[in-house]
Each structure stands twice: as structure tokens, then as C-alpha cells.
Amino acid sequence: LEELTYTVTNGTELDSNKAGITLSKEDGESAGTYAITGTYTNTNYDVTFIDGTYKIAAKELTEEDIKELGITFADGTFTYDGKEKKIEVSNLPTDFSVTYDENTRTVVGSQPVKAKVSGNANYSGTILLNANLVINPKEVSVEWSNLEFTYDGTAKKPTATVEIGRATYRERV
């Protein structure tokens, strides 16, 4: 007898006129286990086919994967306004997860921030990303006016114009 050999390729059913054997497989693109089945129609052959499975294993998440997927964790620089500031991972794919360490700051200064990105069903493992969170001081300017007075026996007060960011305040001191 002639030996019958088959190769099952993605989504393709192969049929042999000699034995009437059809092999097929369940299409799989994501990590998981998929069925391989077979049938035959030619009664001249006694075909024993044992259904099988094939497996697509999850890929261990790498820094290269992070780049290819477009995941970013960039430094953040802010100006002090009394409100909490934080930086976050961008372009996180569906079903990926992220946890942060030291991700918020409210006062002037700099601190390292860590993000642990974990994959989805197709990517196993965790990658640690690092960034820097910086809060710069808010600029304040003070300009004095009415600095010369003529003595008249009363207390004199110069005027201060204080500019904080875009807001301007005038006060008599």
C-alpha cells in the first residue's frame, strides 16, 4: 500500500481522492487549545483516525513586545498647583493590566515611578516600566509700588502686586 501523508495548514482542509480522507483543524489565533479532526469516505481503506488537539501557548511578555504593542510609560513634568499629579501607562491593550508604585505626588520635587504591566491570555508574565514624576515650583512674582510717602502722622502702606501663574493680586501691606 502507498503511504498516505498529510499536512494540516491554517484553516485548510485536505482531501485525498485515494482514501477519501479529510483532515481539518479549528482555527486558532489566540493562546488556547484547538481541535484537529478527521473523516474518511473510501471503504477500501480501514482508516483509524484519532482526533487530536494543538495548542498555542502564551508568549512570555518582553520589552520588545511592549515596544511593538506601542505601550508607553513616559516621564511627567507638572507645575505645582496643590493638586495630586500622576503619570500612567498609555496604549495598554485590552485585557492587559497595570499596577503602579509611587505613582502620585502633590509637592514640588522628583520621584521615580514604577508600572508593572501584565499581559493578557496571549502574553504571560510581567514587565516593569520606569518613569520620573516631576513637579516644578509655581512661579510667583511680587512687584512693589507706592513706596514714597510724605509724612503726615499716619501709617503708610506700600502696595504689592503679586502674580501667581496667570492670576494677579493687588494688596496693601
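Bear in mind that the values in this text are calculations on the coordinates, not laboratory data. On a predicted model such as this, the values are computed, not experimentally measured, just so you know.
Brief remarks on what is shown
- When the listed pairs LYS83/LYS157; LYS59/LYS116; LYS25/LYS116; LYS59/LYS86; LYS83/LYS114; LYS85/LYS138 are checked against a 25 Å cut-off, the alpha-carbon distance exceeds it for LYS83/LYS157; LYS25/LYS116; LYS59/LYS86.
- Length added when fully stretched, ALA74-THR154, from 0.36 nm per residue minus Cα-Cα: 22.9 nm
- Amide hydrogen proximity for THR79: with H placed 1.01 Å from N in the peptide plane, the residues at 5 or more positions away or on another chain lying under 5 Å are ASN136.
- Given their separation in residues at 0.36 nm each and the Cα-Cα distance between them, ASN120 and THR99 gain 6.1 nm when the chain is fully extended.
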